[in-house]
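**Q** Mind looking over this structure? Questions follow.
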Amino acid sequence: MADLGITIGSIRMRSPIMLASGTVGYGTEYEGLIDFGTVGTVVLKTVTLEPRAGNPPPRLCETRGGLLNAIGLENVGLEAFLETKLPEAAELPAPIIASVAGTSTSEYAELARETGAREEIAAVEVNISCPNVERKRKPLWADPAGVGEVVAAMRSETGKPLLVKLSPNAADVVSVAEAAEGAGADALVVANTLPGMRIDLGKRAPVLGNVTGGLSGPALMPVNLALVWQVSAKVGIPIVGSGGVASTDDALEYMMAGASAIQVGTALFMDPSLPGRMTRELKERMEADGFDSVTSYVGLARKGRMGCREMARAD
Ligand SMILES: Cc1cc2nc3c(=O)[nH]c(=O)nc-3n(C[C@H](O)[C@H](O)[C@H](O)COP(=O)(O)O)c2cc1C
């Protein structure tokens, strides 16, 4: 029997296929469309301490090979999330991961304490896309020391697994990854979106209300795949690949590069049946490859290869 099970921190997942934060809202919006019974975990939309209205519209636009989004972390805030959204999401037949974002270390610590205390939540994903007001508004994703401080503070507030979601924008993503691991992260999500924009020629103005947005979808995959390759050469904790996964082959590329699991996001907008189909196809592929466990694919393309520091020198 092909075993799709994998372990991340203390979460045993029945499948390496996770649903990416923000692309399935609080989960319930997609009931009846996505086969939640097959997915490893569902990462809910990022929640902040206070409610956020998000960015002015338009917030989404398609681009060649991807999607630009400038949602601006619109969310109901922690209190309403814990009272109304979480109990509903907990009815889904899949473990739930809360995604949190703050603007200071103390905010992140509070978010970890409050979400980690809820039994409906299997783990906490740390969205580091905001500026840190305590560190001269430096974007957290670009600040290894700031990330270390935030993760250490969260670690002291909860025993639940912490998954830190890195940004491909950082000049040195490996240093941010190492800081997160050193501070007690259980896993890394590699990675979030890249900034991009489009111009409306008729209006002679940016398409998005926020001017720029995050690029997701197929165009992002080679960028984040290279980061998985580089980060997995330097850290010992599991890596979750994110960016452009739209097929079983994409998932296997991330796994062979060093990811233990993958997240599906933008591709769900075109095909909500994708996770169910990928689950079936992964099993078929394992049988064809003669593998009992899906973990056999992890890092397969790395075997006998040099690490990223050596790669950087060789370039
Ligand atoms: C509409 C939309 C909303 C998103 N909202 C969030 C969010 O709230 N928190 C977060 O960490 N990432 C968010 N993301 C990023 C995704 O979780 C994912 O990391 C990214 O889109 C790359 O994966 P993909 O190409 O498979 O979509 C969002 C992406 C999209 C397209």
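**Q** What does a probe at F291 reach in the range 244-259, counting residues whose amide N is under 12 Å from the point 7 Å along Cα→Cβ?
**A** 249-259, by backbone N distance to the label point.
**Q** Rounded, prolate or oblate, given the Cα gyration tensor of the range 124-231, with a/c below 1.5 counting as rounded?
**A** Prolate is the answer for the range 124-231, as a/c is 1.5 or above and a/b outweighs b/c.
**Q** When N counts the residues of the range 8-108, how does its alpha-carbon radius of gyration compare numerically with 2.2 N^0.38 Å, as a ratio?
**A** Computed over Cα atoms of the range 8-108, the ratio equals 1.15.
**Q** Amide H to amide H, which residues 5 or more places from V264 or on other chains are under 5 Å from it, using H placed in the peptide plane?
**A** Amide H to amide H, under 5 Å and 5 or more residues apart or across chains, V264 pairs with M18, L19, A20.
**Q** Also, quick follow-up: Return the sequence-ordered ³J(HN,Hα) values of the range 107-122 in whole Hz as given by the Karplus equation 6.51 cos²θ - 1.76 cosθ + 1.60 applied to θ = phi - 60°, using x for Gly and Pro.
**A** Ordered by residue, 3J(HN,Hα) equals 5, 4, 4, 5, 4, 5, 5, 6, 6, x, 6, 8, 5, 5, 9, 7 Hz.
**Q** Rounded to whole Hz and in sequence order, give me ³J(HN,Hα) for the range 250-266 from the Karplus expression 6.51 cos²θ - 1.76 cosθ + 1.60, θ = phi - 60°, writing x for Gly and Pro.
**A** Working through the residues one at a time gives 4, 4, 5, 4, 4, 5, 5, 6, x, 7, 8, 8, 9, 10, 10, x, 3 Hz.
**Q** Here's something else I'd like to know. In nm, to one decimal, how far is the E50 label point from the T212 one, both placed 7 Å along Cα→Cβ?
**A** Placing both labels 7 Å beyond Cα along the Cβ direction yields 2.5 nm.
**Q** Full-extension gain between L60 and A2, please, as 0.36 nm times their residue separation minus the C-alpha to C-alpha distance.
**A** Full-extension gain reported as 17.0 nm.
**Q** Could you give the size of the charge dipole of the range 6-314 about its Cα centre, using +1 on the Cβ of each K and R and -1 on the Cβ of each D and E, expressed in debye and rounded to the nearest 20? Spell out each step's value before the answer.
**A** Details: 29 positive and 35 negative charges, 207 e Å.
About 1000 debye.
**Q** While we're on this one: In whole angstrom, note down how far apart the Cα centers of the range 174-217 and the range 104-136 are.
**A** 19
**Q** On to the next question. State, to one decimal in nm, how far the label point of N169 lies from the label point of R280, with both points 7 Å from Cα in the Cβ direction.
**A** Computed distance between label sites N169 and R280 equals 4.0 nm.
**Q** What GluC sites (Glu not before Pro) in the range 86-159 are in a loop by DSSP, with at most 11 other Cβ atoms within 10 Å of the Cβ?
**A** E119
**Q** How long are the semi-axes of the equivalent ellipsoid of the range 70-194, taking √(5λ) for every eigenvalue λ of the Cα gyration tensor, in whole Å from largest down? Please list the in-between numbers first.
**A** Numbers: eigenvalues 109, 46, 39 Å².
Semi-axes (√(5λ), whole Å): 23, 15, 14.
**Q** Could you give the nm distance between label points at A117 and E29, where each point is 7 Å from its Cα heading toward the beta carbon?
**A** In this crude label model, A117 to E29 measures out at 2.8 nm.
**Q** Report the relative contact order of the range 53-149, percent, no decimals, based on alpha-carbon pairs under 8 angstrom and at least 6 residues apart.
**A** Computed over the range 53-149, the figure is 19 percent.
**Q** Ok, one more. Just want the answer: with Cβ charges of +1 for Lys and Arg and -1 for Asp and Glu, which residue in T63, I121, T7 is farthest toward the dipole's positive end in the chain?
**A** So the residue we want is T63.
**Q** Then there's this: The chain: Rg/Rh from Cα coordinates, Kirkwood Rh?
**A** 0.95
**Q** Between rounded, prolate and oblate, where does the range 64-104 land on the alpha carbon gyration tensor, with a ≥ b ≥ c its root eigenvalues, rounded for a/c under 1.5, else prolate if a/b exceeds b/c?
**A** Because a/c hits 1.5 or more and a/b fails to exceed b/c, the range 64-104 counts as oblate.
**Q** Students often get this wrong: which residues of the range 142-173 have the backbone nitrogen under 17 Å from the point 7 angstrom along Cα-to-C-beta of R302?
**A** 164, 166, 173
**Q** As a test, work out the antiparallel percent of DSSP beta bridges whose residues both lie in the range 140-218, rounded to the nearest 5.
**A** Just about 60 percent of them are antiparallel.
**Q** What does DSSP give for the range 6-314 in terms of the percent of beta bridges that are antiparallel, rounded to the nearest 5?
**A** Percentage antiparallel, nearest 5: 40.
Bear in mind these aren't lab numbers, they're just calculated from the coordinates by the rules spelled out. Keep in mind that this is a model prediction, so the values were computed, not measured. Positions of Cβ are generated from backbone atoms using ideal geometry, with glycine treated the same way; all protein chains shown enter the neighbour counts.
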